[in-house]
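Below is one structure; the comments refer to it alone.
Every read-out reported here was derived from the displayed coordinates using simple, explicitly stated rules and does not represent laboratory data. It should be emphasised that the depicted structure is a prediction, and the values quoted were computed from it without experimental measurement. Counting neighbours? That spans all protein chains shown, and the Cβs are built from the backbone with ideal geometry, glycine included.
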Amino acid sequence: MAINHLEYHLVLLDHLRSILVALGEAEQVPEESHALFLERFDELRAQLPVDPVESQYLGQDIMCQVITRYPQVAHLVPRDLLWFFAGDCLHYMPDEEIALYQALEERRFEAEENDEPFDWNQEKQLMAMSGPQSHH
């Protein structure tokens, strides 16, 4: 059974937190500010299921801070979280990626309107395979 949209992003937040904890344990970041940052991260994690709309700004702030404070793990931040929190987070996503997520979001809303099941990860993989090939 597919987990719902919010639960999926909570799982991604938990994963990202484990990466940040590992950074602290490896003593790659200043201890005091890192502990305070993790407290704010935990506030977001606790607030998100209770009030997803009100949590958006805190989520944007935290995701942007993860990228700027911890550049060594910026590439490990799940892209889905950047899209989920949107706002300033979108500055870290190229236009092509934003277009992919917009199309994915449209498919999700269409499926919900038609009471059809929707698997975010599966759809994302299908769209990535069928989309234009990236040129690196």
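Taking the Cα centre of the chain as reference, the dipole from Cβ charges on Lys and Arg (+1) and Asp and Glu (-1) amounts to some 400 debye. Net charge of the neighbourhood of L76, taken over other residues with C-beta under 15 Å away and scored Lys/Arg +1, Asp/Glu -1, is +1.
Eigenvalues of the alpha-carbon gyration tensor of the range 11-136, scaled by 5 and square-rooted, set the equivalent ellipsoid semi-axes at 29, 18, 12 angstrom, largest first.
Calculated mean residue ellipticity at 222 nm for the chain: -23500 deg cm²/dmol, from DSSP H runs with n ≥ 4 weighted as -39500 (n - 2.57), summed, divided by the residue count and rounded to 500. Relative to the longest principal Cα axis of the chain, at what angle does helix 52-69 sit, 0 to 90 degrees, rounded to 10? So the inclination is approximately 60 degrees.
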